[in-house]
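Accompanying notes for the structure given below.
What follows is calculated from the coordinates using simple rules that are stated; it is not laboratory data. Here the structure is a predicted model, which is why all the values come from computation and not from measurement. Here the Cβ is made from the backbone with ideal geometry for all residues, glycine too, and neighbour counts use every protein chain on show.
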Amino acid sequence: MDENLPPTITKKKWKWWYTAIIIFLAIGAIGTYLEEPPPKLDPKEQAKSDSLNAVNEANRKINSDVETSFIKAERAIKKSLKDPDSFEEIDHRAMHVGEKGIYVSCLVTYRAKNSFGGFNVEKALVNFNDSMEAIEVLPVK
């Protein structure tokens, strides 16, 4: 019965494992200490880098706002419907406009109940200001 049991780990093997772990951690610590800091940029290159970072951050904000415009457009359209629970989105498209007080514009194709109980397919253009508040919902024919 004792033949099938795995061999026990001796104290020598434990010491070897502890030593290996300590050496591994020491090498990692030395490696991070010896790592060179990034080179300093001259003022002209630093200004260019800062400008690119600002543009990238602005683009991230625009992309985020365009993505959230779909949810906000749906809410704005539902407010104008007689039966908001019947709203079914078919398609949506959004883009950054950035002129004439319109920041993002979202075109939504949807199906909803009309006054007679039938379903119509409609399109609406929802325009948002800089604060991502719906400023107008326009039916599109």
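With a threshold of 32 Å on the Cα-Cα distance, the over-threshold entries among K79/K100; K40/K61; K40/K100; K44/K100; K100/K141 are K40/K100; K44/K100. Once the Cβ-Cβ distance of L125 and T68 is raised to the sixth power relative to R0 = 22 Å, the FRET efficiency obtained is 0.85.
Segment E36..L107, full-extension length gain: 20.4 nm, with 0.36 nm per residue of separation and the alpha-carbon distance subtracted.
Computed over the alpha-carbon atoms, the chain gives an Rg to Rh ratio of 1.45, Rh here being the Kirkwood radius from the mean inverse distance. Computing FRET efficiency as 1/(1 + (r/R0)^6) for R93 and E57, where r is the C-beta to C-beta distance and R0 is 30 Å, gives about 0.75.
Axis angle, to the nearest 10 degrees, between helix 43-80 and the longest C-alpha principal axis of the chain: 50 degrees.
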